[in-house]
Amino acid sequence: MKHEAPINFIAKLTTDKIAGSEDHKLRIFNSKSGLCLKVLQGHICSRVISNEKVISGSINNTIQVWDIEANLCSKTLKGHNDLVHGIIQLSNEKVASCSKNGQIWNIIKDECIMTFETDLPIHHLHNLSNQVIISCHDSMLKVLNIENAKCWKTLKIGSTAIEINNNIF
């Protein structure tokens, strides 16, 4: 069984791989044989939280936490006002997601604990300790403090690399 649309994300589980696609399916593949082991229906992007849990975002504006052993969605988080196209893990209990806005979630308590707004939809997130770097279509990077959602620094993307806390962008 293969995806029927472009693949948006691939991640490694312990011995397998998971791929999220625009066909709204997350497929778990055996790394050695390439055979599809499981299909999780409904979402387009994903991140591996642990070897048992995967989190995904979708065009239906929701985030889902999947129990891949049971092959089911264990939680659905609602709060975005547009499709969710990016998710990063901040800690064992916190994730950040992006849409037209950005949100930080406590996935243990099933609640949004912070929302950050920008002038343009957020397209990418990157985790740096207590900071999240966000990018929009305006060639700018914003570095946010995840404790208070305050913008610490705004950087114009040019032809040179940008270094923040020993990470090159």
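Odds and ends about this structure:
- Pairs beyond 21 Å (Cα-Cα), from LYS53/LYS109; LYS17/LYS142; LYS12/LYS100; LYS17/LYS53; LYS25/LYS75; LYS109/LYS150: LYS17/LYS142; LYS12/LYS100; LYS109/LYS150
- Cα gyration tensor, segment 7-119 - rounded (a/c under 1.5), prolate or oblate: prolate
- Over segment 7-119, relative contact order from alpha-carbon pairs under 8 Å, at least 6 apart, %: 14
FYI, it's all coordinate maths here, none of it is from the lab. None of the values given here were measured: they were computed from a predicted structure.
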